[in-house]
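Below you'll find the structure, written out as structure tokens, and then a few comments.
No lab work stands behind these numbers, since they all come straight from the coordinates. Keep in mind the model is a prediction, meaning the values are calculated, not measured.
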Amino acid sequence: MQARQATEAWQRIESWLRRHAPTTHAAPKSGALEAELAALEEVIGVRIPVPLRALWRQCAGSRDVRGAGLFPDHGWALWEPWNG
């Protein structure tokens, strides 16, 4: 249920951005792959909470898109895959 709620919430955010902030709508990156999330859990040694895992499956950060005002600038991300 928590995963579904997080996914539905993100879908509402995307829908709003599409209508009201198209430049910002272009900024979110694609979701993380399950293998990337598993690798992160292995590295940090803890299980990612279900709602956060669901969010990262929808969006794993944001691209640097000029004029995208709702996300931090300079390549900040909700999560970047660890490439250790």
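Data table
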item: Other-chain or far-sequence residues with amide H under 5 Å of residue 61's (modelled H); result: 29, 78, 79
item: Semi-axis lengths, Å, the range 13-60, gyration tensor of Cα atoms, sqrt of 5 times eigenvalues; result: 27, 10, 7
item: Extension gain, residue 33 back to residue 46 (0.36 nm per residue minus Cα-Cα distance, nm); result: 2.9 nm
item: Segment residue 1-residue 15, extension gain: residue separation times 0.36 nm, minus the distance between their alpha carbons; result: 2.9 nm
item: For the range 45-55, Karplus couplings with θ = phi - 60° (6.51, -1.76, 1.60), whole Hz, Gly/Pro x; result: x, 9, 7, 6, x, 3, x, 5, 4, 5, 5
item: HN-Hα J in Hz across the range 10-17 - Karplus 6.51, -1.76, 1.60, θ = phi - 60°, x for Gly and Pro; result: 5, 4, 5, 4, 4, 4, 5, 4
